[in-house]
1. Of everything in region 1-13 that's modelled with pLDDT of 95 or more, in a loop (DSSP other than H, G, I, E, B) and over 16 Å from GLU63 (Cβ atoms), which residue is least open to solvent (accessible area, probe 1.4 Å)?
2. Quick one: what pairs do we get from region 42-57, first residue touching a residue at least 12 places away in the same chain (Cβ under 8 Å) and within 14 Å of LEU91 (Cβ to Cβ), second crowded, with 18+ Cβ neighbours inside 10 Å and of a type in the set (D, E, K, R), C-beta under 6 Å, 6+ apart or different chains?
3. Tell me, please, whether a residue that is closer than 21 Å to ALA96 by Cα, over 16 Å from the mean Cα position of the chain (by Cα) and among the hydroxyl-bearing types (Ser, Thr, Tyr) can be found in region 165-187.
4. I need the full set of residues from region 128-162 which are farther than 26 Å from VAL98 by Cα and without any contact (Cβ under 8 Å) to a residue 60 or more places away in the chain, in order please.
5. Where residues in region 138-154 are within 17 Å of the chain's Cα centre (by Cα) and open to solvent by 20 Å² or more (accessible area, probe 1.4 Å), which of them is nearest to ASN185 (Cα to Cα)?
6. For region 176-188, indicate whether the set of residues that are β-branched (Val, Ile, Thr), at pLDDT 95 or above, farther than 23 Å from MET6 by Cα and crowded, with 18+ Cβ neighbours inside 10 Å is non-empty.
7. Could you name every one of the strands (runs of 3 or more DSSP E) located completely within region 108-199 that has at least 1 residues being aliphatic (A, V, I, L, M) and within 27 Å of PRO92 (Cβ to Cβ)?
8. Given the criteria outside any loop (DSSP other than H, G, I, E, B), at pLDDT below 95 and not β-branched (Val, Ile, Thr), does MET16 qualify?
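The values are calculated or read from the model by the stated rules, or taken from the named source; none is laboratory data. Computed from a prediction, not measured in an experiment: that's the story for all the values here. Heads up, the Cβs are rebuilt from the backbone with ideal geometry, glycines too, and the neighbour counts pull from every protein chain shown. Surface areas here come from the heavy atoms of the whole protein model, side chains and all, with no ligands, DNA or RNA. Shrake-Rupley method; radii C 1.70, N 1.55, O 1.52, S 1.80 Å.
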Amino acid sequence: MPFPAMIFSAGFGTRMGHRTKNIPKPLVQVAGKPLIDYAIETLREADVPRIVANTHYRFQQLEKHLERRDIIISREEPDILETGGGLKAALPKIAADVVITHNADIIWFGPNPIKALLSAWHPDLMDALLLCVPLKRALGRTINGDFTIRSDNTVERGGSNVYTGAQIIKTNEIELETEPVFSLNKVWNRLADNGRLHAKSYEGIWCDVGHEKGINLAESRLRKIDV
C-alpha cells in the first residue's frame, strides 16, 4: 500500500504577483481548476491512503476548500516553517515512517509520478528518493538544473536534472532536525553526504506553475496547443 502524503501549500506565492494578492497560491486557477486539485488527483490516482496539507497564507480560504476534499490540515501559525519545518510539524498527523511529499504548484504530463516513485523506492538503499526531470522536459523552468544523477542513482548538487517537487522520504530523517524552521535542503545535504539520497528520472513532462509564464505554458498544453 502506498504511503501517506504531504502537500506543501503554505507559501505566499510571491512569484505569481497579482494572482495571489487575495487568494492563496494553491487556489489559483489553471484551466479552470485550482492548482492544488491537480496535486490531490495525482496522489489519489496512486491510491495514497491519507493526504495532509500545510496552510499559512490566507489559510481560511484554503482550509475551506480542502475540508470538502477530505484533506487533513496542518496549519502553521504564527510563522511559516519552510519545507522541512512544515513537514516536521505535520508528522503527528502523517503518522507513518515514510511519507510522500508533493508541491502544490506543479502539473504533470505523462505517467503518474507517484507510481513512478513508488516503483523505484528501495528503503534498504535510500532514505529519500527525489523525482527529477531533465531540463529539456521541464516546462517553465527558467534557471539551471538542481542535481546530477550518478549511475547508481545517488545524486550530487548541480547538473541538468530539475527536482520536480515530489519525493519519498523517511520521517525519522526529518525528526533528527532540532530547529522548528528549516529547509528540506538541509536534510538532503546530510543524506547526500552519506550516499542515502537517490533520484528517479521522470519519463514525462513536468511544468512549474508557480509563476505566470508556467501557468500559461500549462494551460496551453492542457488545451493541446503547441507551446
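1. Of everything passing the filter in region 1-13, PRO4 is least open to solvent (accessible area, probe 1.4 Å).
2. ASN54/GLU76
3. Yes, region 165-187 contains at least one residue that is closer than 21 Å to ALA96 by Cα, over 16 Å from the mean Cα position of the chain (by Cα) and among the hydroxyl-bearing types (Ser, Thr, Tyr).
4. Residues satisfying the conditions are LEU135, LYS136, ILE143, ASN144, GLY145, GLY158, GLY159, SER160.
5. Taking region 138-154 and keeping what is within 17 Å of the chain's Cα centre (by Cα), we get 138-141, 145-147.
Retained after the next criterion (residues that are open to solvent by 20 Å² or more (accessible area, probe 1.4 Å)): 139, 141, 146.
Working: LEU139: 23, ARG141: 19, ASP146: 11 Å.
Only one residue tops the list, namely ASP146.
6. No, every residue in region 176-188 fails to be β-branched (Val, Ile, Thr), at pLDDT 95 or above, farther than 23 Å from MET6 by Cα and crowded, with 18+ Cβ neighbours inside 10 Å.
7. 128-134, 161-170
8. yes
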